[in-house]
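What follows is one structure encoded as structure tokens, with my remarks underneath.
The values are calculated or read from the model by the stated rules, or taken from the named source; none is laboratory data. Source: prediction; values computed, not measured. We place every Cβ from the backbone using ideal geometry, glycine too, and count neighbours over all the protein chains shown. Ligands, DNA and RNA are stripped out before the accessible areas are found, and what is left, the full protein with its side chains, is counted by its heavy atoms. Shrake-Rupley method; radii C 1.70, N 1.55, O 1.52, S 1.80 Å.
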Amino acid sequence: MTGALPEPYEALRLRTRAFIRDVVIPAEPKPGTTLRDSTRLALMQRAKDAGVFAPHLAPEYGGQGVPLEHWPAIFTEAGYSPIGPAVLNCMAPDEGNMHMLELIATDAQKERYLRPLGEGAVRSCFGMTEPHPGAGSDPRALRSSAERVAGGWRINAHKRFISGAEGAAYCILMVRTPAVPDEGFPEGATMLLVDIDHPGVRVGNPINAIDTAIAGGHPHVYFEDCVVGDDAVLGAPGEGFAYAQVRLGPARLTHCMRWLGLAKRAQDVALDRAANRELFGSPLRGLGVAQDMLAQSEIDIATSEAIIDRTAELLDRDPDAGAALSGVAKVHCSDAIGRIIDRAIQICGGDGVTDALPLASYANEVRPFRIYDGSNETHKWAIAKRASSRRRREVEAGAPRLDAVDEHGADTWGAR
């Protein structure tokens, strides 16, 4: 986004840009309504034919093989349409699940779960969030559990807000598991691959949120004495929290990329309105109040691009550091994207809050992002905690305290 992409990724970006504008946008449903499965599948085939399908996934599983470092520009082009990521098969939760399966799953699991997901033949979901006081913004509050049985695990879990669960083929489920010393399993969290039609699995009541872009809604899902075999374990038992970070760091960032694409489209709507609307005898774009809003949105776009690019580069090179920065990116971008769309609505006046323009539906799509993938307040708590720890280590290593004052109340920094 902020720098030139190497070939062939720049060519892919340009193909994606053209495909979204020429094929996807004309097929968009009315604002606030969901994309029909038949339309989605037809558009997916056209995306495959155009060579833009699943940019993030390895070619052997049906993707374009783009390294994570170069995802931002391509995902942002996909996000210029609210249905673009679904059509290109890089929408949550499937994209995050694909990324984790590609890194962690066994060869047999990849064939059974990753390949059909990567080809767009099925959808999936990720089972982390629970009713209060279970896991939400704090995943370590996890209450769902699985106990060891002969050759497998018996699951009892109640999950809620499981995005994409209606119509999904399977769930990557996070549960708490006990230590099994005889087998070397530590106590902790374990990820299990569970088919939605497996005995003991039940998709419950839907949760009707204001966003509609994620196919399959956000329902409750119940696992009641559901027994799965050892081949259902993703990775190793007891290591689920570590694997979650493999998924959540990039997944937070890809949300930023997709929704930034939608914010760019909102800014284009605002720029067109400002160019073509006169107010008080002057083009709207010539009025200071409109110029300020347009400029502020350009600043929000540029700073969001910069932090997304930096985080993607770091996730590719140093996943632990990148995961920490992804929290910063998530907070900044979710706030900035909301501001951009809100300003576009304001510039468009009455039309902005009707279905004559898609801006109100865009606002509904991006508002939950300040809550999804960990609330912004939770991320700010973690960011402040890391900053305090970093500064404490610096002072303990000999850096001067910059808040020091002498006994008379005068600061002493200049005397050092």
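For the structure I just gave you, tell me whether residue 123 is farther than 26 Å from residue 378 by Cβ, touching a Gly at 6+ places or on another chain (Cβ under 7 Å) and not aromatic (Phe, Trp, Tyr). Steps first, answer last, please.
Values: farther than 26 Å from residue 378 by Cβ: yes; touching a Gly at 6+ places or on another chain (Cβ under 7 Å): yes; not aromatic (Phe, Trp, Tyr): yes.
Taking the combined requirement at face value, the residue satisfies it.
Hey, can you tell me all the residues within the stretch 203-226 that are part of a strand (DSSP E or B) and surrounded by fewer than 18 Cβ atoms within 10 Å (Cβ to Cβ)?
First, the residues of the stretch 203-226 that are part of a strand (DSSP E or B): 203, 221-226.
Listed by number, the residues that qualify are 222, 224, 225.
Please go through the stretch 129-178 and pick out each residue that is closer than 18 Å to residue 245 by Cα, outside any loop (DSSP other than H, G, I, E, B), open to solvent by less than 10 Å² (accessible area, probe 1.4 Å) and aliphatic (A, V, I, L, M).
Listed by number, the residues that qualify are 172, 173, 174, 175.
From the list 103, 35, 12, 114, which residue is within 21 Å of residue 125 (Cβ to Cβ), under 22 Å from the mean Cα position of the chain (by Cα) and open to solvent by less than 10 Å² (accessible area, probe 1.4 Å)? Let's see the steps before the verdict.
Details: 103 fails: open to solvent by less than 10 Å² (accessible area, probe 1.4 Å); 35 fails: open to solvent by less than 10 Å² (accessible area, probe 1.4 Å); 12 fails: within 21 Å of residue 125 (Cβ to Cβ).
Answer to the check: 114.
Any residue at all in the stretch 279-301 that's open to solvent by less than 20 Å² (accessible area, probe 1.4 Å), out of contact with any strand residue (DSSP E or B) (no Cβ under 6 Å at 6 or more places or on another chain) and closer than 28 Å to residue 172 by Cβ?
no
Where residues in the stretch 185-197 are closer than 22 Å to residue 245 by Cβ and out of contact with any helix residue (DSSP H, G or I) (no Cβ under 6 Å at 6 or more places or on another chain), which of them is most open to solvent (accessible area, probe 1.4 Å)? Reasoning before the result, please.
The initial filter retains those residues of the stretch 185-197 that are closer than 22 Å to residue 245 by Cβ, namely 185-194.
Next, only the ones that are out of contact with any helix residue (DSSP H, G or I) (no Cβ under 6 Å at 6 or more places or on another chain) stay: 185-188, 194.
Values: 185: 47, 186: 52, 187: 131, 188: 9, 194: 1 Å².
The residue in question is 187.
Does residue 47 meet the test of being touching a residue at least 40 places away in the same chain (Cβ under 8 Å), within 28 Å of residue 100 (Cα to Cα) and in a helix (DSSP H, G or I)? Don't jump to the end; show me each part of the working.
On the way: touching a residue at least 40 places away in the same chain (Cβ under 8 Å): yes; within 28 Å of residue 100 (Cα to Cα): yes; in a helix (DSSP H, G or I): yes.
Here the answer is yes, as residue 47 does meet what is asked.
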